[in-house]
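Data first, discussion second: the structure below is written as C-alpha coordinates.
The values are calculated or read from the model by the stated rules, or taken from the named source; none is laboratory data. Fair warning: this is a prediction, and the values are worked out from it, not measured in the lab. Note that each Cβ is placed from the backbone with ideal geometry, even for glycine, and that neighbours are counted across all protein chains shown. For the accessible areas, the whole protein counts, side chains as well, though only heavy atoms, and no ligand, DNA or RNA atoms are used. Shrake-Rupley method; radii C 1.70, N 1.55, O 1.52, S 1.80 Å.
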Amino acid sequence: MIDDLDLGFDEPERGEKGRHRRGRRDGRSGGRGKTIFALLMALVLLGGIGGGAFYGFDRIQNYFVTPDYDGAGSGEAMVEVKQGALIADIGDTLVTADVVKSTKAFIEAAEANALSKNIQPGLYKVRKQMSAEKALAMLLDRKNKVTNQVTIPEGRTSKNIYKLLSEKTKIPVKEFEAAAKDPEALGVPDFWFTRKDDKKVVKSIEGFLYPDTYEIAPNATAESILKDMVGNFLAVTGEMKFTDRVEAERKISPYEALIVGSMAQAEAGNADDLGKIARVAYNRAYTGKFPCSCLEFDVSVNYYWELTGKKTKASKDMTTAEIRDPKNPYSTHAHPGLTPTPINNPGKQALQGAMDPPGGGWLFFVAIDKQGHSAFATTNAEHERNIEKAKQNGVL
(Lines give C-alpha, C1' and ligand atoms only; values in the text may rest on other atoms or scores of the structure.)
Protein backbone atom coordinates (compact mmCIF):
# COMPACT_ATOMS: atom_id res chain seq x y z
CA MET A 1 0.00 0.00 0.00
CA ILE A 2 1.13 3.59 -0.66
CA ASP A 3 0.67 4.51 3.04
CA ASP A 4 3.42 2.01 3.90
CA LEU A 5 5.92 3.46 1.43
CA ASP A 6 8.91 5.01 3.16
CA LEU A 7 11.26 6.67 0.71
CA GLY A 8 13.74 7.53 3.48
CA PHE A 9 13.90 11.34 3.19
CA ASP A 10 14.18 12.01 7.00
CA GLU A 11 16.57 14.76 8.07
CA PRO A 12 19.65 13.66 9.96
CA GLU A 13 19.58 13.87 13.79
CA ARG A 14 21.36 16.84 15.45
CA GLY A 15 23.63 16.05 18.42
CA GLU A 16 23.31 13.45 21.09
CA LYS A 17 21.29 15.56 23.50
CA GLY A 18 18.48 17.59 22.25
CA ARG A 19 18.81 16.01 18.83
CA HIS A 20 15.41 15.61 17.25
CA ARG A 21 13.66 14.78 14.06
CA ARG A 22 11.71 17.40 12.25
CA GLY A 23 8.08 16.71 13.11
CA ARG A 24 4.73 18.28 13.64
CA ARG A 25 4.30 21.15 16.05
CA ASP A 26 2.13 18.99 18.25
CA GLY A 27 5.13 16.72 18.84
CA ARG A 28 3.82 13.75 16.77
CA SER A 29 6.13 12.05 14.24
CA GLY A 30 6.20 13.14 10.58
CA GLY A 31 4.57 9.92 9.25
CA ARG A 32 1.78 11.81 7.58
CA GLY A 33 4.27 14.02 5.80
CA LYS A 34 6.11 11.00 4.43
CA THR A 35 2.84 9.46 3.35
CA ILE A 36 1.82 12.59 1.48
CA PHE A 37 5.24 12.76 -0.20
CA ALA A 38 5.07 9.09 -1.24
CA LEU A 39 1.55 9.61 -2.53
CA LEU A 40 2.70 12.54 -4.61
CA MET A 41 5.56 10.49 -6.00
CA ALA A 42 3.19 7.66 -6.89
CA LEU A 43 0.84 10.08 -8.60
CA VAL A 44 3.74 11.50 -10.58
CA LEU A 45 4.73 8.02 -11.66
CA LEU A 46 1.17 7.11 -12.55
CA GLY A 47 0.81 10.39 -14.36
CA GLY A 48 3.87 9.47 -16.42
CA ILE A 49 2.30 6.19 -17.35
CA GLY A 50 -0.92 7.91 -18.25
CA GLY A 51 1.06 10.38 -20.34
CA GLY A 52 2.46 7.71 -22.70
CA ALA A 53 4.77 5.34 -20.82
CA PHE A 54 2.01 2.75 -20.63
CA TYR A 55 3.02 1.45 -24.05
CA GLY A 56 5.79 -0.51 -22.36
CA PHE A 57 3.46 -2.26 -19.95
CA ASP A 58 2.22 -4.67 -22.59
CA ARG A 59 5.79 -5.59 -23.53
CA ILE A 60 6.72 -6.19 -19.91
CA GLN A 61 3.58 -8.24 -19.38
CA ASN A 62 4.53 -10.48 -22.30
CA TYR A 63 7.51 -11.75 -20.36
CA PHE A 64 5.12 -13.29 -17.86
CA VAL A 65 1.95 -14.01 -19.86
CA THR A 66 1.85 -15.73 -23.28
CA PRO A 67 0.35 -13.27 -25.80
CA ASP A 68 -2.93 -14.67 -27.12
CA TYR A 69 -6.12 -13.36 -28.65
CA ASP A 70 -9.46 -14.08 -27.00
CA GLY A 71 -12.41 -15.79 -28.61
CA ALA A 72 -13.20 -17.24 -32.01
CA GLY A 73 -11.92 -14.33 -34.09
CA SER A 74 -13.59 -12.67 -37.06
CA GLY A 75 -13.22 -12.21 -40.80
CA GLU A 76 -11.39 -14.77 -42.91
CA ALA A 77 -7.80 -15.84 -43.57
CA MET A 78 -6.25 -18.54 -45.73
CA VAL A 79 -3.19 -20.34 -44.38
CA GLU A 80 -1.14 -23.18 -45.84
CA VAL A 81 0.37 -25.95 -43.74
CA LYS A 82 3.43 -27.12 -45.63
CA GLN A 83 4.44 -30.76 -46.01
CA GLY A 84 6.66 -31.66 -43.03
CA ALA A 85 5.90 -28.43 -41.14
CA LEU A 86 6.55 -28.50 -37.38
CA ILE A 87 4.12 -27.03 -34.83
CA ALA A 88 6.38 -23.98 -34.50
CA ASP A 89 6.37 -23.55 -38.30
CA ILE A 90 2.58 -23.65 -38.33
CA GLY A 91 2.50 -21.15 -35.48
CA ASP A 92 4.75 -18.78 -37.43
CA THR A 93 2.45 -19.05 -40.45
CA LEU A 94 -0.59 -18.26 -38.29
CA VAL A 95 1.12 -15.25 -36.72
CA THR A 96 2.10 -13.89 -40.14
CA ALA A 97 -1.55 -14.14 -41.23
CA ASP A 98 -2.69 -12.48 -37.95
CA VAL A 99 -4.68 -15.56 -37.00
CA VAL A 100 -2.99 -16.02 -33.62
CA LYS A 101 -1.10 -13.47 -31.58
CA SER A 102 2.05 -15.49 -30.91
CA THR A 103 3.77 -18.70 -31.96
CA LYS A 104 4.27 -19.51 -28.28
CA ALA A 105 0.51 -19.49 -27.67
CA PHE A 106 -0.05 -21.91 -30.54
CA ILE A 107 2.74 -24.22 -29.34
CA GLU A 108 1.23 -24.28 -25.84
CA ALA A 109 -2.22 -25.03 -27.25
CA ALA A 110 -0.76 -27.87 -29.35
CA GLU A 111 1.12 -29.31 -26.38
CA ALA A 112 -2.16 -29.42 -24.44
CA ASN A 113 -3.99 -31.25 -27.24
CA ALA A 114 -2.80 -34.75 -28.18
CA LEU A 115 -4.63 -34.49 -31.52
CA SER A 116 -2.35 -31.68 -32.70
CA LYS A 117 -0.09 -34.25 -34.37
CA ASN A 118 -2.96 -34.96 -36.77
CA ILE A 119 -2.79 -31.60 -38.55
CA GLN A 120 -2.53 -32.41 -42.25
CA PRO A 121 -0.64 -30.48 -44.93
CA GLY A 122 -2.86 -28.30 -47.06
CA LEU A 123 -4.73 -25.03 -47.33
CA TYR A 124 -7.14 -23.98 -44.55
CA LYS A 125 -9.83 -21.34 -44.23
CA VAL A 126 -9.66 -19.85 -40.73
CA ARG A 127 -10.43 -16.50 -39.03
CA LYS A 128 -8.27 -13.60 -37.97
CA GLN A 129 -7.32 -12.85 -34.36
CA MET A 130 -8.43 -16.12 -32.82
CA SER A 131 -7.30 -17.68 -29.60
CA ALA A 132 -4.59 -20.26 -30.26
CA GLU A 133 -6.89 -22.98 -28.91
CA LYS A 134 -9.65 -22.04 -31.37
CA ALA A 135 -7.18 -21.81 -34.26
CA LEU A 136 -5.87 -25.29 -33.49
CA ALA A 137 -9.43 -26.63 -33.43
CA MET A 138 -10.08 -25.17 -36.89
CA LEU A 139 -6.94 -26.80 -38.31
CA LEU A 140 -8.05 -30.15 -36.91
CA ASP A 141 -11.54 -29.84 -38.43
CA ARG A 142 -11.42 -31.19 -41.99
CA LYS A 143 -14.36 -29.07 -43.10
CA ASN A 144 -12.04 -26.05 -42.93
CA LYS A 145 -9.56 -27.62 -45.34
CA VAL A 146 -9.68 -26.30 -48.88
CA THR A 147 -9.35 -29.43 -50.96
CA ASN A 148 -7.75 -29.33 -54.38
CA GLN A 149 -5.98 -32.66 -54.36
CA VAL A 150 -4.14 -34.47 -57.10
CA THR A 151 -2.77 -37.98 -56.74
CA ILE A 152 0.36 -38.91 -58.67
CA PRO A 153 0.54 -42.71 -59.09
CA GLU A 154 3.85 -44.53 -58.78
CA GLY A 155 5.82 -45.06 -61.96
CA ARG A 156 4.39 -42.18 -63.99
CA THR A 157 6.76 -40.33 -66.31
CA SER A 158 7.27 -36.60 -65.94
CA LYS A 159 5.35 -35.95 -69.17
CA ASN A 160 2.40 -37.90 -67.83
CA ILE A 161 2.61 -36.06 -64.50
CA TYR A 162 2.52 -32.66 -66.23
CA LYS A 163 -0.67 -33.73 -67.98
CA LEU A 164 -2.30 -34.83 -64.72
CA LEU A 165 -1.29 -31.61 -62.98
CA SER A 166 -2.49 -29.48 -65.87
CA GLU A 167 -5.90 -31.16 -65.86
CA LYS A 168 -6.28 -30.45 -62.14
CA THR A 169 -4.86 -26.93 -62.02
CA LYS A 170 -5.51 -25.63 -65.54
CA ILE A 171 -1.85 -24.59 -65.67
CA PRO A 172 -0.61 -25.30 -69.22
CA VAL A 173 1.66 -28.32 -69.68
CA LYS A 174 4.26 -26.08 -71.31
CA GLU A 175 4.68 -24.19 -68.02
CA PHE A 176 5.53 -27.41 -66.19
CA GLU A 177 7.94 -28.33 -68.97
CA ALA A 178 9.61 -24.93 -68.74
CA ALA A 179 9.95 -25.14 -64.94
CA ALA A 180 11.41 -28.66 -65.20
CA LYS A 181 14.26 -27.63 -67.47
CA ASP A 182 16.40 -26.72 -64.45
CA PRO A 183 16.06 -29.51 -61.83
CA GLU A 184 18.50 -27.80 -59.47
CA ALA A 185 16.36 -24.65 -59.45
CA LEU A 186 13.50 -26.88 -58.28
CA GLY A 187 15.57 -28.08 -55.34
CA VAL A 188 17.43 -31.16 -56.59
CA PRO A 189 20.91 -30.96 -54.98
CA ASP A 190 23.73 -31.04 -57.52
CA PHE A 191 25.34 -34.09 -55.87
CA TRP A 192 22.49 -36.21 -57.20
CA PHE A 193 23.77 -35.70 -60.73
CA THR A 194 26.93 -37.76 -60.36
CA ARG A 195 27.64 -41.26 -61.65
CA LYS A 196 30.29 -43.87 -60.98
CA ASP A 197 29.58 -46.00 -64.07
CA ASP A 198 31.45 -43.72 -66.50
CA LYS A 199 28.20 -42.74 -68.18
CA LYS A 200 27.58 -39.11 -69.16
CA VAL A 201 25.44 -37.27 -66.64
CA VAL A 202 22.14 -36.00 -68.04
CA LYS A 203 20.36 -33.64 -65.66
CA SER A 204 16.66 -34.41 -65.70
CA ILE A 205 13.74 -33.93 -63.33
CA GLU A 206 12.72 -37.53 -64.08
CA GLY A 207 12.79 -39.62 -60.93
CA PHE A 208 12.52 -36.67 -58.52
CA LEU A 209 8.77 -35.99 -58.78
CA TYR A 210 7.73 -38.15 -55.87
CA PRO A 211 4.41 -39.99 -56.33
CA ASP A 212 1.94 -38.98 -53.62
CA THR A 213 -1.29 -37.07 -53.02
CA TYR A 214 -0.74 -33.33 -53.06
CA GLU A 215 -2.81 -30.35 -51.97
CA ILE A 216 -2.61 -27.68 -54.64
CA ALA A 217 -2.88 -24.12 -53.35
CA PRO A 218 -5.13 -21.73 -55.35
CA ASN A 219 -2.16 -19.48 -56.15
CA ALA A 220 0.19 -22.35 -57.01
CA THR A 221 2.47 -22.12 -60.03
CA ALA A 222 4.04 -24.88 -62.08
CA GLU A 223 7.33 -24.15 -60.37
CA SER A 224 5.92 -24.20 -56.82
CA ILE A 225 4.10 -27.50 -57.43
CA LEU A 226 7.18 -29.22 -58.82
CA LYS A 227 9.27 -27.82 -55.95
CA ASP A 228 6.87 -29.41 -53.46
CA MET A 229 7.21 -32.77 -55.22
CA VAL A 230 11.00 -32.56 -55.23
CA GLY A 231 10.95 -31.56 -51.57
CA ASN A 232 8.83 -34.60 -50.79
CA PHE A 233 11.27 -36.84 -52.66
CA LEU A 234 14.19 -35.44 -50.66
CA ALA A 235 12.28 -35.86 -47.38
CA VAL A 236 11.41 -39.50 -48.11
CA THR A 237 14.88 -40.48 -49.31
CA GLY A 238 16.37 -38.60 -46.38
CA GLU A 239 14.31 -40.61 -43.89
CA MET A 240 15.39 -43.79 -45.69
CA LYS A 241 19.05 -42.71 -45.64
CA PHE A 242 18.95 -43.62 -49.31
CA THR A 243 22.09 -41.82 -50.45
CA ASP A 244 24.24 -43.00 -47.54
CA ARG A 245 23.17 -46.61 -47.78
CA VAL A 246 23.46 -46.83 -51.56
CA GLU A 247 27.00 -45.45 -51.53
CA ALA A 248 28.05 -47.62 -48.59
CA GLU A 249 26.31 -50.88 -49.53
CA ARG A 250 25.82 -50.80 -53.31
CA LYS A 251 29.08 -48.90 -54.04
CA ILE A 252 27.33 -46.88 -56.75
CA SER A 253 25.98 -43.34 -56.93
CA PRO A 254 22.48 -42.57 -55.62
CA TYR A 255 21.51 -41.47 -59.15
CA GLU A 256 22.34 -44.92 -60.53
CA ALA A 257 20.22 -46.52 -57.81
CA LEU A 258 17.39 -44.13 -58.65
CA ILE A 259 17.59 -45.27 -62.28
CA VAL A 260 17.43 -48.90 -61.16
CA GLY A 261 14.45 -48.10 -58.93
CA SER A 262 12.62 -46.60 -61.91
CA MET A 263 13.42 -49.66 -64.02
CA ALA A 264 12.05 -51.99 -61.36
CA GLN A 265 8.96 -49.82 -60.95
CA ALA A 266 8.25 -50.09 -64.70
CA GLU A 267 8.95 -53.83 -64.99
CA ALA A 268 7.32 -55.18 -61.82
CA GLY A 269 3.77 -56.42 -62.06
CA ASN A 270 3.62 -56.86 -58.30
CA ALA A 271 5.19 -54.85 -55.47
CA ASP A 272 6.62 -58.05 -53.98
CA ASP A 273 9.06 -58.31 -56.90
CA LEU A 274 10.47 -54.78 -56.90
CA GLY A 275 13.61 -55.68 -54.95
CA LYS A 276 14.25 -58.84 -56.96
CA ILE A 277 13.99 -57.00 -60.28
CA ALA A 278 16.39 -54.38 -58.95
CA ARG A 279 18.78 -57.24 -58.13
CA VAL A 280 18.47 -58.55 -61.71
CA ALA A 281 19.31 -55.06 -63.02
CA TYR A 282 22.40 -54.85 -60.82
CA ASN A 283 23.49 -58.36 -61.81
CA ARG A 284 23.14 -57.62 -65.51
CA ALA A 285 24.71 -54.16 -65.49
CA TYR A 286 27.54 -54.52 -62.96
CA THR A 287 28.73 -58.13 -62.62
CA GLY A 288 29.88 -58.88 -66.17
CA LYS A 289 27.85 -62.10 -66.10
CA PHE A 290 25.31 -61.00 -68.69
CA PRO A 291 26.04 -60.42 -72.41
CA CYS A 292 27.37 -56.88 -73.04
CA SER A 293 26.19 -55.91 -69.53
CA CYS A 294 22.96 -54.83 -71.21
CA LEU A 295 19.76 -54.65 -69.17
CA GLU A 296 17.54 -55.63 -72.11
CA PHE A 297 14.45 -54.02 -70.55
CA ASP A 298 11.90 -53.10 -73.21
CA VAL A 299 10.30 -50.46 -70.96
CA SER A 300 13.17 -48.07 -71.57
CA VAL A 301 12.51 -48.17 -75.32
CA ASN A 302 8.95 -47.05 -74.70
CA TYR A 303 10.18 -44.29 -72.41
CA TYR A 304 12.22 -42.73 -75.18
CA TRP A 305 9.31 -42.98 -77.59
CA GLU A 306 7.06 -41.17 -75.11
CA LEU A 307 9.76 -38.60 -74.47
CA THR A 308 10.04 -37.84 -78.19
CA GLY A 309 6.32 -37.92 -78.94
CA LYS A 310 6.17 -41.34 -80.59
CA LYS A 311 3.44 -43.87 -79.89
CA THR A 312 4.41 -46.55 -77.38
CA LYS A 313 3.92 -50.29 -77.95
CA ALA A 314 3.59 -53.50 -76.01
CA SER A 315 6.79 -55.55 -76.03
CA LYS A 316 5.23 -58.23 -78.23
CA ASP A 317 4.53 -55.61 -80.90
CA MET A 318 8.08 -54.21 -81.00
CA THR A 319 10.35 -55.24 -83.84
CA THR A 320 13.93 -56.33 -83.29
CA ALA A 321 15.12 -53.25 -85.16
CA GLU A 322 13.11 -51.00 -82.82
CA ILE A 323 14.34 -52.74 -79.71
CA ARG A 324 17.97 -52.64 -80.81
CA ASP A 325 17.95 -49.18 -82.40
CA PRO A 326 21.41 -47.72 -81.64
CA LYS A 327 20.05 -44.20 -82.16
CA ASN A 328 17.78 -44.66 -79.20
CA PRO A 329 19.93 -43.73 -76.16
CA TYR A 330 17.44 -45.54 -73.93
CA SER A 331 17.72 -48.87 -75.78
CA THR A 332 19.10 -51.20 -73.14
CA HIS A 333 19.56 -53.84 -75.84
CA ALA A 334 21.85 -51.64 -77.95
CA HIS A 335 23.69 -49.87 -75.11
CA PRO A 336 25.33 -51.50 -72.07
CA GLY A 337 24.62 -50.50 -68.52
CA LEU A 338 22.02 -48.09 -67.25
CA THR A 339 19.97 -45.52 -69.13
CA PRO A 340 20.93 -41.81 -69.26
CA THR A 341 18.25 -40.92 -66.69
CA PRO A 342 15.51 -42.59 -64.68
CA ILE A 343 12.57 -43.61 -66.87
CA ASN A 344 9.78 -42.69 -64.45
CA ASN A 345 9.20 -41.52 -60.89
CA PRO A 346 9.38 -44.52 -58.55
CA GLY A 347 7.60 -44.88 -55.24
CA LYS A 348 9.05 -45.71 -51.84
CA GLN A 349 8.93 -49.50 -52.24
CA ALA A 350 10.81 -49.34 -55.52
CA LEU A 351 13.40 -47.02 -53.94
CA GLN A 352 13.70 -49.42 -51.01
CA GLY A 353 14.22 -52.32 -53.40
CA ALA A 354 16.95 -50.45 -55.28
CA MET A 355 18.64 -49.43 -52.04
CA ASP A 356 18.46 -52.82 -50.34
CA PRO A 357 17.64 -55.59 -52.84
CA PRO A 358 17.50 -59.21 -51.67
CA GLY A 359 20.55 -61.34 -52.36
CA GLY A 360 20.46 -63.60 -55.39
CA GLY A 361 22.27 -64.41 -58.61
CA TRP A 362 19.21 -63.95 -60.81
CA LEU A 363 19.74 -62.80 -64.38
CA PHE A 364 16.25 -63.49 -65.75
CA PHE A 365 12.61 -62.96 -64.78
CA VAL A 366 9.23 -63.39 -66.40
CA ALA A 367 5.64 -62.75 -65.28
CA ILE A 368 4.32 -66.09 -64.13
CA ASP A 369 0.69 -65.49 -63.10
CA LYS A 370 -2.21 -63.11 -63.62
CA GLN A 371 -1.53 -61.41 -60.29
CA GLY A 372 1.68 -60.02 -61.78
CA HIS A 373 4.19 -62.12 -59.84
CA SER A 374 7.42 -62.98 -61.63
CA ALA A 375 9.56 -66.09 -61.61
CA PHE A 376 13.33 -65.53 -61.37
CA ALA A 377 16.16 -67.62 -62.79
CA THR A 378 19.94 -67.69 -62.77
CA THR A 379 20.33 -69.67 -66.03
CA ASN A 380 18.73 -69.40 -69.43
CA ALA A 381 17.49 -73.02 -69.23
CA GLU A 382 15.69 -72.30 -65.99
CA HIS A 383 14.28 -69.11 -67.53
CA GLU A 384 12.89 -71.09 -70.49
CA ARG A 385 11.09 -73.42 -68.10
CA ASN A 386 9.55 -70.39 -66.36
CA ILE A 387 8.40 -69.07 -69.73
CA GLU A 388 6.60 -72.36 -70.36
CA LYS A 389 4.85 -72.07 -66.99
CA ALA A 390 3.79 -68.54 -67.86
CA LYS A 391 2.28 -69.81 -71.12
CA GLN A 392 0.44 -72.56 -69.29
CA ASN A 393 -0.98 -69.97 -66.92
CA GLY A 394 -2.18 -67.90 -69.86
CA VAL A 395 0.18 -65.01 -69.12
CA LEU A 396 2.21 -65.25 -72.34
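The table below lists the values:
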item	result
Filter on LYS163/LYS316; LYS196/LYS313; LYS199/LYS227 - keep pairs with C-alpha separation over 29 Å	LYS196/LYS313
For THR194, solvent-accessible area (1.4 Å; no DNA, RNA or ligand), Å²	60 Å²
Spatially proximal lysines relative to LYS117 (Cα-Cα < 18 Å; intrachain offsets below 8 disregarded)	LYS82, LYS104, LYS134, LYS143, LYS145
Probe 1.4 Å - accessible area at HIS373, Å² to nearest ten	60 Å²
Net charge contributed by nearby residues that have their C-beta within less than 12 Å of LEU274 (K/R +1, D/E -1)	-2
Residue-count net charge about LYS101 - beta-carbon cut-off 10 Å; Lys, Arg +1, Asp, Glu -1	-2
Rounded if a/c under 1.5, otherwise prolate or oblate - the range 223-351, Cα gyration tensor axes	oblate
Simple spin-label estimate for ASP272 and LYS389 in nanometres, 7 Å along Cα-Cβ	1.2 nm
All aspartates and glutamates inside 17 Å of LYS168 as judged from Cα atoms, apart from same-chain residues fewer than 8 positions distant	GLU177, ASP212, GLU215, GLU223, ASP228
With all protein chains modelled, accessible area of SER224 [1.4 Å, Å²]	40 Å²
Solvent-accessible heavy-atom area per residue, rounded to whole Å², over the range 290-374 at 1.4 Å	45 Å²
Charged-residue dipole, Cβ positions (Lys, Arg, Asp, Glu), the range 166-228 about Cα centre, Debye nearest 20	220 debye
